[in-house]
Amino acid sequence: MLAPLKVKDHMNGTKITFTPDMDILRAINQLVEFKLSGAPVIDHHGNLIGFLSEKDCMKVALNAAYQGEAAGQVGEFMNTTCATVDVDDSIIDVAQTFLSTAYKCLPVIKDNRLVGSITRQNILRALQTSSNIESSKKPAKQSTKQQIHVTTK
């Protein structure tokens, strides 16, 4: 059985955040540069007001690349109904959220303020560590070995 696992013990600190007035193309460049699937959008007080995902950016990038259209600001494209998790939430509950949604990353909040993020990878690592799921040093059982003979004419 798993020991109680909390988000605060497995989350990432906030690497990148956007503001609603930031240029969307600049935000896209940062997502690509830092290999992120999305980033939180905060107001000038540090409160979470949305989330900008790769998916949100796809239409913008297509229009900018192929139609030369001016893009706009992050606030025009961000998702304002993003799911969040609390620092004291259970890893198991967050795993269930990831299993039932398309989210790859969720903002972590404490007292309604953004304090970090948690990803599917963080959840896998937490579960692996707590349940001691590691690859054994023994090779996997092999089913019947097949020999392949190649003949040439």
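Restricted to the stretch 100-124, and to residues there that are of a type in the set (D, E, K, R) and under 14 Å from the mean Cα position of the chain (by Cα), the residue that is modelled with the highest pLDDT is 120. Pairing each residue of the stretch 48-62 that is farther than 27 Å from residue 111 by Cβ and of a type in the set (D, E, K, R) with any residue that is surrounded by 16 or more Cβ atoms within 10 Å (Cβ to Cβ) and at pLDDT 90 or above, provided the two are 6+ apart or on different chains, yields C-beta distances under 7 Å for 54/31; 54/38. Being touching a residue at least 12 places away in the same chain (Cβ under 8 Å), surrounded by fewer than 15 Cβ atoms within 10 Å (Cβ to Cβ) and on the phi < 0 side of the Ramachandran plot: is that true of residue 86 here? Judged against the criteria, residue 86 is not a match. Look through the stretch 6-50, keep the residues that are touching a Gly at 6+ places or on another chain (Cβ under 6 Å) and among the β-branched types (Val, Ile, Thr), and return whichever of them is surrounded by the fewest Cβ atoms within 10 Å (Cβ to Cβ). If we take residues in the stretch 6-50 being touching a Gly at 6+ places or on another chain (Cβ under 6 Å) and among the β-branched types (Val, Ile, Thr), then 14 is surrounded by the fewest Cβ atoms within 10 Å (Cβ to Cβ). Assessment of the stretch 63-74 against the conditions (under 22 Å from residue 117 (Cα atoms) and of a type outside the set (Lys, Arg)) yields at least one matching residue.
The values are calculated or read from the model by the stated rules, or taken from the named source; none is laboratory data. These numbers were taken from a predicted model, which means no experiment stands behind them. Ideal geometry is used to build each Cβ from the backbone, glycine not excepted, and the neighbour counts take in all protein chains shown.
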